[in-house]
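All remarks here apply to the structure that follows.
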Amino acid sequence: MLRKNRLFTPGPTPLLPAAQAAMASFSAHHRTADFRALFTRVLADLKEFIGTQNDVIVTVSSGTGMMEASVSNLTSPGDKVLVLSAGTFGERWIGITKAFKCNVDVLSAPYGRTFSFDEIRARLTPDVRTVFVQATESSTGTRHDIEGIAKIVRGNSDDTLLIVDAITGLGTTHLDVDGWGIDVIIGGSQKALMIPPGLAYCAVSDRAWQRMETTSSPRFYFDLRKERKAAAKGEAAYTPATSLYAALGAALDFIRRAGNGNLSDGRAMLVDNAELCAEMTRVAVRALGLKLFSASSGAALTAIHSPQGIDSGQIIKEFRESFDAVIANGQGEMKGRIFRIAHIGYYDYLDTIGILGALEHVLARCTATPVEYGAAVRAAQEVYARVSSGKRQLIEA
């Protein structure tokens, strides 16, 4: 049987065809008027996509590069910082802040769980300069309550900054960046924006820009002040990934069209699309007798316990060998114990139905438990019929 390679991973995600075409055909030099026009338009559109009035910076890096930039630009050695960690990407915050010699206090929640507000309040002393957290911990599928966390941080001190890794959260979660008082929010090109890895972006508050003038951690390539100064002239401080900017422009145009000419409405539709696909998947998984891993599941991905006695690597291998479909294993301590199916970006109803149908066959081949074919698909269909009757899907053929 013919097989098409398909990604169902939390990043990279499926590529938007229009973005692929734009990337393949773009050849303008980065110090020309043509590129400056594209660069300026992309930055303006990213502000609207994020939902902020704050300045937006783009770097050529993975999202981890922008995580490091937020630490190097906003802390000094010895600064007390609070890291909220509930998975491998929370642990990445710990590693970065320790590398820059911060005095790191860690509030940990078990994998698959989120944080108690009372615990955050108890740890958020007046001397905490910066708080680091994920919007969605993509190693577990857990979505944290950023609005609630932001209220606590803002109530602590005007001098305490809140840095949110929303690399997976942007485009899968409704976020009010300025209204909640998020000082830096970070995104990556390979997630909801539907283009390849290689660009990271962030929106930076006035409080954060002021902090940069007094911090002393070393920085050079990731000096966000340099990028802000260059962006004011329609340029990047260093050589940008020109073809990725072209792809990004095409992706943002696609999202705007999905919102009938309004990019903010398109972003909301993108989030709602992820929410619907996630709900379909969660209900279908339960219909097959499987257990969800996260106690606070987000829309970006669904993390699922592997059946008892089955290493999740076996399930991932069967998806690839039988259907050329790529799903994700667990990370860190959950490797081999869970598998993850994403719903980010260029991902729709038909993708959801297809992966759930494949899941039925995979379970039948990997386990001794009889599988009722159609049970997962039927459960997902019922969700779709209830939620989206009369509504147009975000992603069209």
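Note on segment 283-314: residues that are surrounded by 22 or more Cβ atoms within 10 Å (Cβ to Cβ) and under 22 Å from the mean Cα position of the chain (by Cα) total 9. Of the residues making up segment 75-114, those that are on the phi < 0 side of the Ramachandran plot, assigned to a loop (DSSP other than H, G, I, E, B), of a type outside the set (Asp, Glu) and over 22 Å from the mean Cα position of the chain (by Cα) are 75, 76, 77, 100, 102. If you check 338, 316 for being without any contact (Cβ under 8 Å) to a residue 40 or more places away in the chain, of a type outside the set (Asp, Glu) and in the same structural domain as residue 280 (by TED's automatic domain parsing), only one passes: 316. All conditions but one from (1) free of Cβ contacts under 8 Å to residues at least 24 places away in the same chain; (2) touching a helix residue (DSSP H, G or I) at 6+ places or on another chain (Cβ under 9 Å) apply to residue 287; the one that does not is (1). Per the conditions (1) of a type in the set (D, E, K, R); (2) touching a Cys at 6+ places or on another chain (Cβ under 9 Å); (3) within 24 Å of residue 300 (Cβ to Cβ), the sole criterion not satisfied by residue 129 is (3). Residue count for segment 43-60, restricted to those that are in contact (Cβ under 8 Å) with a residue 40 or more places away in the chain, surrounded by fewer than 21 Cβ atoms within 10 Å (Cβ to Cβ) and closer than 17 Å to residue 248 by Cα: 6. Restricting to segment 315-368, what's the tally of residues that are assigned to a helix (DSSP H, G or I) and crowded, with 18+ Cβ neighbours inside 10 Å? Count: 18.
Elements of the type helices (runs of 4 or more DSSP H) sitting completely within segment 143-231 and holding at least 3 residues that are touching a strand residue (DSSP E or B) at 6+ places or on another chain (Cβ under 7 Å), modelled with pLDDT of 95 or more and more than 20 Å from residue 60 (Cβ to Cβ): these cover 146-156, 206-212. Here segment 182-202 is the region considered, the condition is being closer than 18 Å to residue 249 by Cβ and of a type in the set (A, V, I, L, M), and the residue that is surrounded by the fewest Cβ atoms within 10 Å (Cβ to Cβ) is 200. Filtered by the rule that a residue be touching a Leu at 6+ places or on another chain (Cβ under 8 Å) and over 12 Å from residue 303 (Cα atoms), segment 137-146 gives 144, 146.
Residues in segment 62-80 that are surrounded by 21 or more Cβ atoms within 10 Å (Cβ to Cβ) and under 15 Å from residue 193 (Cα atoms): 63 only.
Report yes if some residue within segment 10-19 is buried (at least 18 other Cβ atoms within 10 Å of the Cβ), touching a residue at least 12 places away in the same chain (Cβ under 8 Å) and hydroxyl-bearing (Ser, Thr, Tyr); otherwise report no. Yes - at least one qualifying residue is present in segment 10-19.
The values are calculated or read from the model by the stated rules, or taken from the named source; none is laboratory data. Being a predicted model, the structure only gives us computed values, none of them experimental. Methodologically, a virtual Cβ is constructed for each residue, glycine included, from the backbone with ideal geometry; neighbour enumeration extends over all protein chains shown.
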